[in-house]
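Here is the structure we will look at.
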Amino acid sequence: MKTGMALMLALLTALAFPCGVLAEAAPAQEAPSKILIAYFTWADNTVVEDAGAAIDSALEHYDNMGDANSGVDATSSASVLAPGNTAVMAGHIHDLVGGDLFSIQVEEPYSSVYDECLNRASDELADNARPALRTHVENMEQYDIVFLGMPNWWYSCPMAVLTFVEEYDFSGKTVVPFVAHGTGGISGSVRDMRASLPEDCTVLDPIGVYRPDIATCQPVIEEWLRSLELPIAIRTAAE
Ligand SMILES: Cc1cc2nc3c(=O)[nH]c(=O)nc-3n(C[C@H](O)[C@H](O)[C@H](O)COP(=O)(O)O)c2cc1C
């Protein structure tokens, strides 16, 4: 009798769970992270009428401060012509992890003469200004991971980067900063950008690339990306 009951139970169970899977639900498939790669670069925020003069004005400034960038291509080093240095970094990140690229651009372009650009940037920093933007991200809410690139401007970030981060709700998002710089390194750029983000936004370790190293920075960027252990696939450079 007992054996009959047990058989009956086994039969009922088999009918209820035909694949032999008991009530445990299959683990929910997590949606893959959606990636945005946003960056500010001088070249996308200026209008160059005389390329030679613009490049010379940058190189003269580097010379005056003892940063001659010997052996580096003058045009890319000056970074006033596209692609700017931060844009080059953004391009490498995009090649390695995919996602959507976005260039942060101000309404009023900066001068392509280095010292004039420096002066305006200095005034904006002193005024804690928020330059108006002419480019905007559609549906920022769809992105979980935002790579955010900027040049070091006056040991901080361009104030337009603050306009950008304050325009959207970064709560719950992961921000991954990357910085192009001169002799000053990352300085306060990431710190100042972080101050405009909400507490519950995670900010990962940034990478900084010095101007003369931009042309060869792809392997360093790949190494840095892998060290972050983000839940995303990273292609190898050869792919
Ligand atoms: C307005 C301005 C201010 C800058 N201030 C600094 C600075 O304080 N420290 C530094 O290391 N580099 C500074 N730089 C150099 C840039 O960070 C560097 O050239 C960077 O590679 C430029 O990136 P981009 O081509 O994406 O604009 C400044 C450049 C500009 C135009």
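For this structure, a couple of remarks:
- The selection criterion, being within 14 Å of the ligand (Cβ to nearest atom) and in contact with a Pro (Cβ under 6 Å, 6 or more places away or on another chain), does not hold for VAL113.
- Number of the exception - GLU229 against (1) surrounded by fewer than 11 Cβ atoms within 10 Å (Cβ to Cβ); (2) more than 16 Å from the chain's Cα centre (by Cα): (2)
- For region 145-178, filtering for residues that are surrounded by 23 or more Cβ atoms within 10 Å (Cβ to Cβ), farther than 21 Å from ASP123 by Cα and of a type in the set (A, V, I, L, M) leaves 3.
- Options GLU229, GLU223: the member that is modelled with pLDDT of 95 or more and over 22 Å from PHE102 (Cα atoms): GLU223
- For ARG191, the criteria (1) modelled with pLDDT of 95 or more; (2) among the charged types (D, E, K, R); (3) touching a Leu at 6+ places or on another chain (Cβ under 9 Å) hold in every case but one, which is (3).
- When ASP127 is tested against (1) at pLDDT below 95; (2) surrounded by fewer than 22 Cβ atoms within 10 Å (Cβ to Cβ); (3) out of contact with any Lys or Arg (no Cβ under 8 Å at 6 or more places or on another chain), only condition (1) is not met.
- Criterion violated by PHE147 - all others in (1) aromatic (Phe, Trp, Tyr); (2) touching a Phe, Trp or Tyr at 6+ places or on another chain (Cβ under 7 Å); (3) without any contact (Cβ under 8 Å) to a residue 40 or more places away in the chain satisfied: (3)
- When region 44-56 is filtered for residues that are part of a helix (DSSP H, G or I) and within 25 Å of ALA90 (Cα to Cα), the ones remaining, listed by number, are ASP44, ASN45, ALA51, ALA54, ILE55.
- Set ASP123, ASP115, ASP100: member being among the acidic types (Asp, Glu) and touching a strand residue (DSSP E or B) at 6+ places or on another chain (Cβ under 9 Å): ASP100
- Qualifying positions in region 195-217 - away from the ligand (no atom under 16 Å from the Cβ) and either under 21 Å from ALA87 (Cβ atoms) or in contact (Cβ under 8 Å) with a residue 12 or more places away in the chain (or both): SER196, LEU197, PRO198, ASP200, CYS201, THR202, VAL203, LEU204, ASP205
The values are calculated or read from the model by the stated rules, or taken from the named source; none is laboratory data. Not measured: the values here are computed from a predicted model. No Cβ is skipped: glycine too gets one built from the backbone with ideal geometry, and neighbour counts run over all protein chains shown.
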